[in-house]
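Rule-based calculations on the coordinates, nothing more; no lab input. The structure presented is a predicted model; accordingly, all values stated were derived computationally and were not measured. Cβ placement follows ideal geometry from the backbone for every residue including glycine, while neighbour counts extend to all protein chains displayed.
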Amino acid sequence: MISNPLLVTALMLAVSNLFMTFAWYGHLKNFATSPWYVAALVSWGIALFEYLLQVPANRIGYSVMDLGQLKIMQEVITLAVFVPFAVIYMQQPLKMDYLYAALCMMGAVYFIFRT
């Protein structure tokens, strides 16, 4: 079992983000012809699994990071999950904007984690 709280938090948030991304955006591909309320119900079902991972991950992470650090870690993970999802699953073009966003996130990581 993994005992490093930072690693456990990052892994749980990554899986949580995968569920979140599918809940928020997967219906645009999979339920495009369904009524919005069907997509919403399916998305809520998927989001349950996100919360079952995200809440304990945040509690674990908060034991070793402050709130700002935890939030920036979440945002970096969100971008790292979203870009492959958009390009591979949703078949969106890979844009330089993703790189620019990642560079901005690197700046955020630097400033929030510096001591």
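Points to keep in mind about this one:
- Between 0 and 90 degrees, the angle of helix 67-84 with respect to the longest Cα principal axis of the chain falls at about 40 degrees.
- Computed E for residue 29/residue 102 - FRET, C-beta separation, R0 25 angstrom, nearest 0.05: 0.55
- Selected from 103, 53, 18 as most flexible by GNM, with the chain as the system and alpha-carbon contacts under 10 Å: 103
- Cα gyration tensor category, rounded, prolate or oblate, for the chain with a/c compared to 1.5: oblate
- 3J(HN,Hα) along the stretch 15-32: 5, 4, 5, 4, 4, 4, 5, 5, 5, 7, 10, x, 5, 5, 9, 7, 10, 4 Hz, from the Karplus curve 6.51 cos²θ - 1.76 cosθ + 1.60 with θ = phi - 60°, whole Hz, x for Gly and Pro.
- Computed extension gain for residue 41 through residue 115, at 0.36 nm per residue and net of the alpha carbon distance, reaches 22.3 nm.
- Phi angles of the stretch 88-103 translate, via the Karplus equation with coefficients 6.51, -1.76, 1.60 and θ = phi - 60°, into HN-Hα couplings of 7, 7, 8, 6, 8, x, 6, 10, 4, 4, 5, 5, 4, 4, 5, 5 Hz per residue; Gly and Pro are given as x.
- Charge sum, other residues only, whose C-beta stays under 15 Å from residue 102's C-beta, Lys/Arg counted +1 and Asp/Glu -1: -1
- Subtracting the Cα-Cα distance of residue 88 and residue 51 from their residue separation scaled by 0.36 nm leaves 10.9 nm.
- Taking every C-alpha pair closer than 8 Å and separated by at least 6 residues, the mean separation divided by the residue count of the chain gives a relative contact order of 33 percent.
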